[in-house]
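Have a look at the structure below before the remarks.
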Amino acid sequence: MTEIKVETCSLKNQLEETLQRNRLLQEELDATNIGLLALTMELEEKNEEVQSITQQLWQVARMVTMGELAASIAHELNNPLATVSLRVESLANKLPPEDPKQKALQIISQEVERMGALVKKLLNFSRRGQRKVTTVDVCREIEHAIELIYYQLRKNRITVRRDYQAELPLIHADSQELLQLFLNLFTNASDAMPQGGTLTIRVYEGHTDTDCVAIEIADTGMGIQPDDLAKVMDPFFTTKPVGKGTGLGLSICRHIVREHQGLITIASEVGKGATVFIKLPMIKESGHTSSQGVSPIK
Ligand SMILES: Nc1ncnc2c1ncn2[C@@H]1O[C@H](COP(=O)(O)OP(=O)(O)OP(=O)(O)O)[C@@H](O)[C@H]1O
Ligand SMILES: [Mg+2]
């Protein structure tokens, strides 16, 4: 009898233990399930991210192709432009100098020359090779960029205001990279002002922490949402519709400014506009400088 009791007691204990083990296993299983669910959700999110980046990369690839196409069109335009130029010149030579048609021919000739200069700039811009750092006048590069996007600015009814300090110091820079920097920034400003507005460009000498050439590019566009402000320079961040923006413009700008040991920041008030501030170090006359003759701006 006592033996049976002892046996029953031991069986009960074993059952308790087994039940307890079962409960623990169930808890572990539940926790694992929750973990798996969280992992699945994370995977889904990552998958969406990968899909969105893939789409953006396709967009970049399309733009590269468009760029190559634009370069080849620019190249092909050279010959007809040269022919028009020669014909106009020969017509002008055949007419007496006082002929009223001379004025019209002169205008055609000037416009053809302007087109030729644009084509040349476009070709120079697309034929990127090694970085080429030279002594550069920032305002000249800004003017080149304005010239290249002038049509777009005019189409959007954007007035350009220039406020360049006289006798600005030169900087050490790759002029093609500066052109790319300003083109990206002016395109953004133009996109932000579809109903027209004012693009103000200020260039002046800054002497706060380091001697630099300071550039401010201000627009009167829609501005940037405060939550987006910290993200606008991240690669692939865009608020533009698919097919319109790749979200690479500002990250390229940041890269270019950093390559020049400079600093770029952006400020904005929604509904009032955005201003991009750039500081590029001036060339130092002498003393302890980096290999490029400038001190980085921190
Ligand atoms: N001047 C500006 N005014 C208002 N928003 C701006 C301005 N500049 C940039 N942004 C915002 O920052 C985002 C990122 O700009 P970024 O130039 O990097 O890419 P994008 O213009 O969208 O595309 P991409 O330049 O590659 O064609 C823009 O989509 C826009 O939301
Ligand atoms: Mg852009």
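Over all directions, what mean area does the Cα convex hull of the stretch 70-126 project, stated in square nanometres?
Numbers: hull surface 14.8 nm².
Over all viewing directions, the stretch 70-126 projects a mean Cα-hull area of 3.7 nm².
Toward the positive end of the charge dipole of the stretch 135-281, with +1 on the Cβ of Lys and Arg and -1 on the Cβ of Asp and Glu, the farthest Cα among Q152, S251, F186 is that of Q152.
Bridgeable aspartates and glutamates around K132 (alpha carbons under 20 Å apart, same-chain partners fewer than 8 residues away excluded): E141, E143, D174, E177, E259. Summarising the strand pairing of the chain, around 80 percent of its internal DSSP beta bridges are antiparallel.
Sites listed here are GluC sites (Glu not before Pro) in the stretch 94-153 whose DSSP assignment is loop and whose Cβ has at most 10 other Cβ atoms within 10 Å: E98. Taking the 1.4 Å solvent-accessible surface of the stretch 70-126 as the whole, the part contributed by carbon and sulfur is 62%. Per residue, the Cα convex hull of the stretch 135-281 amounts to 109 Å³. Sorting the segments 219-231, 23-35 by their residues' average number of neighbouring beta-carbon atoms within 10 angstrom, most packed first, yields 219-231, 23-35.
Once whole DSSP H runs in the chain are found, which of them have Cα atoms spread over 24 Å or more along the helix axis and a mean Kyte-Doolittle score of at least -1.0? Can you show the working numbers first?
On the way: long enough: 2-94 (136 Å, -0.26); 101-126 (38 Å, -0.08); 138-155 (25 Å, -0.17); 175-192 (25 Å, 0.27).
Once both thresholds are applied, what remains is 2-94, 101-126, 138-155, 175-192.
Peptides 61-73, 176-188 ranked from most to least packed, by the mean per-residue count of other Cβ atoms within 10 Å: 176-188, 61-73.
Averaged per residue, what accessible area in Å² does the chain show with a 1.4 Å probe, protein chains only? Write down the numbers at each step before the final one.
Values: 19860 Å² over 298 residues.
Ligands and nucleic acids excluded, the result is 67 Å² per residue.
State log₁₀ I(q)/I(0) for the chain at q = 0.13, 0.14, 0.15, 0.16 Å⁻¹ as given by the Debye formula over alpha-carbon point scatterers of equal weight, solvent excluded. One equal scatterer on each Cα of the chain leads to -1.06, -1.16, -1.25, -1.34. Please work out the C-alpha center-to-center distance from the stretch 119-160 to the stretch 45-67 and express it in whole Å. The stretch 119-160 and the stretch 45-67 have Cα centres spaced 27 Å from each other.
The values are calculated or read from the model by the stated rules, or taken from the named source; none is laboratory data. Note that the structure is a prediction, hence the values are computed from the model and not measured. Please note: Cβ atoms are built from the backbone with ideal geometry, for glycine as well, and neighbour counts cover all protein chains shown. Only protein heavy atoms, including side chains, enter the accessible area calculation; ligands, DNA and RNA are left aside. Shrake-Rupley method; radii C 1.70, N 1.55, O 1.52, S 1.80 Å.
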